[in-house]
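Participant: After the C-alpha coordinates below, expect a handful of questions from me.
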Amino acid sequence: HTSLGGLGDSFYEYLLKAWLMSDKTDTEARKTYDDAIESIERHLIRKSNGGLTFIGEWKNGHLERKMGHLACFAGGMFALGADGSPDDKAGHYLQLGAEIAHTCHESYDRTGEKARGELYK
(Lines give C-alpha, C1' and ligand atoms only; values in the text may rest on other atoms or scores of the structure.)
Protein backbone atom coordinates (compact mmCIF):
# COMPACT_ATOMS: atom_id res chain seq x y z
CA HIS A 1 0.00 0.00 0.00
CA THR A 2 1.55 3.28 -1.13
CA SER A 3 -0.09 6.52 -0.12
CA LEU A 4 0.63 10.16 0.60
CA GLY A 5 -2.21 10.04 3.08
CA GLY A 6 -2.15 8.58 6.57
CA LEU A 7 0.96 6.52 7.40
CA GLY A 8 2.79 7.73 4.28
CA ASP A 9 2.68 11.50 4.40
CA SER A 10 5.42 12.11 6.96
CA PHE A 11 8.07 10.14 5.06
CA TYR A 12 7.85 12.33 1.96
CA GLU A 13 7.41 15.52 3.94
CA TYR A 14 10.53 14.89 6.01
CA LEU A 15 12.74 14.09 3.03
CA LEU A 16 12.23 17.65 1.87
CA LYS A 17 12.51 19.04 5.40
CA ALA A 18 15.82 17.22 5.96
CA TRP A 19 17.23 18.93 2.89
CA LEU A 20 15.91 22.35 3.97
CA MET A 21 17.07 21.96 7.57
CA SER A 22 20.57 21.10 6.34
CA ASP A 23 20.69 24.49 4.63
CA LYS A 24 20.21 22.59 1.36
CA THR A 25 23.41 20.57 1.79
CA ASP A 26 21.93 17.10 2.43
CA THR A 27 22.05 16.02 -1.20
CA GLU A 28 21.08 12.43 -0.35
CA ALA A 29 17.78 13.60 1.18
CA ARG A 30 17.14 15.86 -1.82
CA LYS A 31 17.90 13.11 -4.34
CA THR A 32 15.62 10.70 -2.47
CA TYR A 33 12.89 13.35 -2.44
CA ASP A 34 13.30 14.08 -6.17
CA ASP A 35 13.20 10.37 -7.03
CA ALA A 36 10.13 9.89 -4.84
CA ILE A 37 8.12 12.74 -6.34
CA GLU A 38 8.94 11.62 -9.88
CA SER A 39 7.61 8.18 -8.99
CA ILE A 40 4.57 9.69 -7.24
CA GLU A 41 3.78 11.74 -10.31
CA ARG A 42 4.22 8.78 -12.68
CA HIS A 43 2.23 6.25 -10.64
CA LEU A 44 -0.19 8.08 -8.33
CA ILE A 45 -1.13 11.48 -9.75
CA ARG A 46 -4.09 11.59 -12.09
CA LYS A 47 -6.83 13.95 -13.21
CA SER A 48 -10.46 13.28 -12.40
CA ASN A 49 -13.12 13.27 -15.09
CA GLY A 50 -13.92 16.79 -13.87
CA GLY A 51 -10.33 17.96 -14.39
CA LEU A 52 -9.13 17.98 -10.76
CA THR A 53 -5.59 16.76 -10.11
CA PHE A 54 -5.48 14.18 -7.33
CA ILE A 55 -3.04 11.75 -5.72
CA GLY A 56 -4.42 8.23 -5.70
CA GLU A 57 -3.34 5.30 -3.55
CA TRP A 58 -1.60 2.18 -4.83
CA LYS A 59 -3.24 -0.76 -3.12
CA ASN A 60 -3.34 -4.48 -3.89
CA GLY A 61 -1.68 -4.04 -7.27
CA HIS A 62 -3.83 -1.23 -8.63
CA LEU A 63 -4.45 2.49 -8.33
CA GLU A 64 -7.40 3.51 -6.20
CA ARG A 65 -8.73 6.75 -7.63
CA LYS A 66 -9.31 8.48 -4.31
CA MET A 67 -7.40 11.00 -2.26
CA GLY A 68 -7.74 11.27 1.50
CA HIS A 69 -7.61 14.69 3.10
CA LEU A 70 -4.27 13.92 4.81
CA ALA A 71 -2.64 13.95 1.38
CA CYS A 72 -3.55 17.62 0.98
CA PHE A 73 -0.19 18.62 2.48
CA ALA A 74 1.34 17.54 -0.83
CA GLY A 75 0.24 20.72 -2.60
CA GLY A 76 2.51 22.72 -0.32
CA MET A 77 5.22 20.07 -0.46
CA PHE A 78 5.38 20.21 -4.26
CA ALA A 79 5.42 24.01 -4.20
CA LEU A 80 8.09 24.20 -1.49
CA GLY A 81 10.17 21.54 -3.21
CA ALA A 82 10.09 23.40 -6.53
CA ASP A 83 13.10 25.40 -5.34
CA GLY A 84 16.08 23.21 -6.12
CA SER A 85 14.24 20.92 -8.53
CA PRO A 86 16.35 19.29 -11.23
CA ASP A 87 16.15 20.02 -14.95
CA ASP A 88 14.28 23.30 -14.66
CA LYS A 89 11.15 21.61 -13.27
CA ALA A 90 10.45 24.35 -10.74
CA GLY A 91 7.55 25.84 -12.70
CA HIS A 92 6.06 22.41 -13.28
CA TYR A 93 6.15 21.52 -9.59
CA LEU A 94 4.75 24.91 -8.56
CA GLN A 95 1.84 24.33 -10.95
CA LEU A 96 1.33 20.76 -9.73
CA GLY A 97 1.30 21.97 -6.12
CA ALA A 98 -1.28 24.61 -7.02
CA GLU A 99 -3.47 22.02 -8.77
CA ILE A 100 -3.38 19.67 -5.77
CA ALA A 101 -4.17 22.54 -3.38
CA HIS A 102 -7.07 23.54 -5.65
CA THR A 103 -8.40 19.97 -5.59
CA CYS A 104 -8.30 19.93 -1.79
CA HIS A 105 -10.10 23.27 -1.63
CA GLU A 106 -12.74 22.01 -4.03
CA SER A 107 -13.16 18.82 -2.00
CA TYR A 108 -14.02 20.78 1.11
CA ASP A 109 -15.99 23.46 -0.69
CA ARG A 110 -18.17 21.02 -2.66
CA THR A 111 -18.85 18.50 0.06
CA GLY A 112 -19.92 20.89 2.81
CA GLU A 113 -20.71 18.81 5.87
CA LYS A 114 -20.55 15.47 4.00
CA ALA A 115 -17.67 13.02 4.34
CA ARG A 116 -14.45 14.53 3.01
CA GLY A 117 -11.80 13.25 0.63
CA GLU A 118 -13.48 11.02 -1.94
CA LEU A 119 -14.54 13.59 -4.53
CA TYR A 120 -12.16 12.28 -7.16
CA LYS A 121 -13.90 9.16 -8.47
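Participant: Return the pairs, sorted by first residue and then second, in which the second residue is not aliphatic (A, V, I, L, M), the first residue lies in the stretch 1-21 and is loosely packed, with under 13 Cβ neighbours inside 10 Å, the beta carbons are less than 9 Å apart, and the residues are 6+ apart or on different chains.
Facilitator: HIS1/GLY8; HIS1/GLU57; HIS1/TRP58; HIS1/LYS59; HIS1/ASN60; GLY6/GLY68; LEU7/HIS1
Yes/no per residue for (1) touching a residue at least 12 places away in the same chain (Cβ under 8 Å); (2) more than 15 Å from the chain's Cα centre (by Cα):
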residue	(1), (2)
PHE73	yes, no
ALA79	yes, no
HIS105	no, no
ARG110	no, yes
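Results for (1) under 15 Å from ASP9 (Cβ atoms); (2) open to solvent by 50 Å² or more (accessible area, probe 1.4 Å), shown as yes or no for each residue.
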position: GLY56; (1), (2): yes, no
position: HIS62; (1), (2): no, yes
position: GLY68; (1), (2): yes, no
position: MET77; (1), (2): yes, no
position: GLU106; (1), (2): no, no
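Participant: While we're looking at this one, here's another question. Restricting the search to the stretch 22-54, which residues are more than 30 Å from ARG110 (Cα to Cα) and open to solvent by less than 30 Å² (accessible area, probe 1.4 Å)?
Facilitator: ALA29, ARG30, TYR33, ASP34, ALA36, listed by residue number.
Participant: For the stretch 1-102, please list each of the strands (runs of 3 or more DSSP E) lying entirely inside it that holds at least 1 residues being among the acidic types (Asp, Glu). Lay out the reasoning, then the answer.
Facilitator: On the way: elements: 45-47, 53-55, 57-59, 62-64.
Those strands (runs of 3 or more DSSP E) span 57-59, 62-64.
The values are calculated or read from the model by the stated rules, or taken from the named source; none is laboratory data. Since the model is a prediction, treat every value here as computed from it, not as a measurement. All Cβ positions, glycine included, derive from the backbone under ideal geometry; neighbour counts span all protein chains shown. These area figures cover heavy atoms from the full protein model, side chains too; ligands, DNA and RNA do not enter into them. Shrake-Rupley method; radii C 1.70, N 1.55, O 1.52, S 1.80 Å.
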